[in-house]
Amino acid sequence: MSQLLTQMHYPPHFRYSQQELLQVLPAFQYNISYVSRMFRHYMGVTFTEYRNKIRFDTAHSLLQTTNLSIEDIIVYVGLNSRTYFYREFKKRYGLSPNRVRHPDAAENEQEFGELAAEEYPGNAENI
């Protein structure tokens with residue numbers, strides 16, 4: 001199991017399905033159903049849940065530490081739906097990928113909204 005977990009964290013491998021990953025690991029001569037049950041038993045989550053945690057944690061880190069485009073990050077972590085990525089990312093972290101990459105933007109937008117409301121009180125709900 002530790003070999004499987006180690007390989008899952010290696011960037012090309014966290015894009016694989018469970019079956020594809022097991023094919024990369026010749027030491028696993030077990031039935032995929034057995035490995036799935038054992039994975040859930042020892043890890044407390046399914047293979048897919050664990051793989052997605054690795055994907056989104058990696059994406060979160062890349063947003064903060066690189067200048068890769070969000071599209072490139074989505075591809076890098078092995079996802080192919082931008083909509084799914086944005087929805088899941090916000091659900092997991094409470095912020096959109098753009099807010100993670102540019103945390104100052106949220107503060108600036110809030111300040112702009114407050115200033116505009118002071119200047120134009122009648123239109124505050126339209127801002």
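The values are calculated or read from the model by the stated rules, or taken from the named source; none is laboratory data. Keep in mind that what you see is a predicted model, and the values were worked out from it rather than measured. Virtual Cβ from ideal backbone geometry, glycine too; neighbours counted across all protein chains shown.
Scanning the range 67-86 for residues that are closer than 15 Å to VAL100 by Cβ and in contact (Cβ under 8 Å) with a residue 12 or more places away in the chain yields ILE70, ILE73, ILE74, VAL77, PHE85. Taking the conditions (1) outside any helix (DSSP H, G or I); (2) at pLDDT 90 or above in turn, LYS91 satisfies each one other than (1).
When the range 58-79 is filtered for residues that are surrounded by 12 or more Cβ atoms within 10 Å (Cβ to Cβ), small (Gly, Ala, Ser) and in a loop (DSSP other than H, G, I, E, B), only GLY78 remains. Does the range 43-57 include one or more residues that are surrounded by 12 or more Cβ atoms within 10 Å (Cβ to Cβ) and touching a Pro at 6+ places or on another chain (Cβ under 9 Å)? Taking every residue of the range 43-57 in turn, none turns out to be surrounded by 12 or more Cβ atoms within 10 Å (Cβ to Cβ) and touching a Pro at 6+ places or on another chain (Cβ under 9 Å).
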